[in-house]
Amino acid sequence: MHDSTVRYELFADMGDGGFMDDGPPAKSVKRTKVGQVFTAPGNKWQFLFDYGDDHRFIVEVLGFGEVEAGGKYPRVTARKGKAPPQYPPEDDEDYEDEEG
């Protein structure tokens, strides 16, 4: 997974060469559907959520099910670990102590 030559970046949609300078050009996140990337159970991708804080998550296909009438999609079916704060208050001293 970490050696993958395939990557998708918002920067590719912005006409930029991509966030990372090495490797092949990134593909569009706006024009790529989830089903094009996650094609089989066991597929894993590293998801870099925040380029500044470097929040990285592993996303894995556990399986495919039937669409439930009235269900809301997409949806998270499982979580592991505690999510980091996305945008802590600027005056949050506890967060600042953890960072540096």
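The values are calculated or read from the model by the stated rules, or taken from the named source; none is laboratory data. In this text, all values refer to a predicted model and were calculated from it rather than measured experimentally. For neighbour counting, all protein chains shown are included, and Cβ atoms are generated from backbone atoms with ideal geometry for every residue, glycine included. All accessible areas refer to the heavy atoms of the entire protein, side chains included, with ligands and DNA or RNA removed. Shrake-Rupley method; radii C 1.70, N 1.55, O 1.52, S 1.80 Å.
Tell me the accessible surface of T77 in square angstrom (1.4 angstrom probe, heavy atoms of protein chains only), to the nearest ten.
Surface accessible to solvent at T77 totals approximately 120 Å².
Would you mind getting me the FRET efficiency between S28 and A83? Use the beta-carbon distance for r and R0 = 22 Å, nearest 0.05.
That gives a FRET efficiency of 0.25.
Under 15 Å from a label point 7 Å along Cα→Cβ of A40: give me every residue in the range 61-80 with its amide N that close.
Residues 61-64 fall inside that zone.
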